[in-house]
1. Quick check: residue separation of Leu11 and Gln103 times 0.36 nm, minus the Cα distance between them. What number comes out in nm?
2. Among 177-186, 51-60, 355-364, how do they line up from the highest to the lowest mean number of other beta-carbon atoms within 10 Å?
3. Which order do the peptides 227-239, 31-43 take when ranked by the mean count of other beta-carbon atoms within 10 Å per residue, highest first?
4. Quick one: with all protein chains in place, what share of the accessible area of the chain is carbon or sulfur, to the nearest percent (1.4 Å probe)?
5. So what does log10 I(q)/I(0) come out to for the chain at q = 0.09 Å⁻¹, using the Debye formula with one equal point on every Cα and no solvent?
6. In degrees, nearest 10, range 0 to 90: what is the angle between the Cα axis of helix 109-123 and the longest Cα principal axis of the chain?
7. If ligands, DNA and RNA are left out, what is the accessible area of Ser123 with a 1.4 Å probe, given in Å² to the nearest 10?
8. Please work out the Cα convex hull volume for region 155-254 and give it in Å³ per residue.
Amino acid sequence: MKEPEMGIPPLFRCPISLDLLKDPVTLCTGQTYDRSNIEKWLSSGNSTCPVTMQKLNDSSIVPNTTLRHVIDRWLQINCSHGYDLDYFQTVDDSFVVLKHNLQSNESTLETKVEALEKVLALSEDLPFENCPLIQLDFFQMILELALENAVESSYFEENLIFIEKALSCGLKLLPFSDLGTLNMLKEDESKFTNFLNLFKKGTYTIKKRLCHLIVAISSSLQLKELLSMLGKSKILIQELVHLIENKLDGYEESIKVLSALSSLEQNREFIVKENAVKALITYIVNAPKCQYASIMAMRTIETLLVVESAKEEVLNHPNGVSAVVKMVFRVSSDNEASESAMNSLIIVCQDFMDAREEAICCGILTKLLLLLQSQCSERTKNKARMLLKLLRSVCTGDQKQAL
């Protein structure tokens, strides 16, 4: 791996010239500047602080010796690794040019794509201290550019190449950026609309990358409102259901997104209404054995079963109950799938005698007995005993009828 490039930390820059502080001095407002720059500002007749614009009651400047020592120490350490001040300035200038090329209306699409490729290459070395990609907030800028290019126009198809690359860069920078930046989708209706439009009409690659963004959104408490908005979007849920039901490219990512959106209770009823349970059952029926996505699908169904209509969806689906039974003891070491499946059966079977009868016809009793004899956890075995107890009423009724 090549040596990561270093940039000047923002704290070490003069707010006026943006160059490295050589003789840092502080005003009464607490802001620090390079002596030559602030003296020039004051001698020009200005009586305010350049950053805060507060009126200066005291125009005296005090040397910031602590910061100066810190900067000197930082320079010594980095110069010992072969860096010098000109190098830092050159590196930072190159990132500024890169940002300009991406934002400029005069840049061609080809120039912008080339700039994104450079960002992608530079992001391979993350994380490293004082990275200009993070300091200059490339994440927010790139995401905004992707959304701006998602507007319906005669150039939309052409822009998809740029958008794919931009989202790829965004995902690389995401772990090192402020997730709160994504609240731009909540605060700006046009950005939210463009996001949904991109999910509906973008390439499968774009859809998958947007799925990763939504999963990231679900991991942050400060983005809870945004997650609620996404969970109530008909366009988004219908597209996710379409991808899962037809097992199109991106269906696994779509299952993860449905799971993430379902984590919010207020989203569940809407998600069920848009046929998510039906799509997840259809996927489980056709899913290969031991696939992680089928476990995620089962867990999502379990989460959605708090909604009354979701229980009916399982019961009324031709393969609903059998799909859930299929997930019990599907893999002897897979406690999670078995527990989710048994929890789901307990929820449905408590309310519907038909569900109990169908589960027995699908071989649930054999699976539960095998589970009890396996090396699975005691908690899983307790779930199996609970379900057996619930199903006993059906067996007892059959015996009475036989007599």
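1. Full-extension gain reported as 30.6 nm.
2. Answer by packing, highest mean first, reads 355-364, 177-186, 51-60.
3. Those peptides, ordered most packed to least, come out 227-239, 31-43.
4. 50
5. Log-scaled intensity ratios, in q order: -0.72.
6. Taking the Cα atoms of the chain, the angle to 109-123 is about 80 degrees.
7. Ser123 has an accessible surface of roughly 10 Å² with all protein chains in place.
8. 98
The values are calculated or read from the model by the stated rules, or taken from the named source; none is laboratory data. Note that the coordinates shown come from a computational prediction; the quantities given were computed from them, not determined experimentally. Note that we place each Cβ from the backbone using ideal geometry, even for glycine, and neighbour counts take in every protein chain shown. With ligands, DNA and RNA removed, areas are computed over all heavy atoms of the protein, side chains included. Shrake-Rupley method; radii C 1.70, N 1.55, O 1.52, S 1.80 Å.
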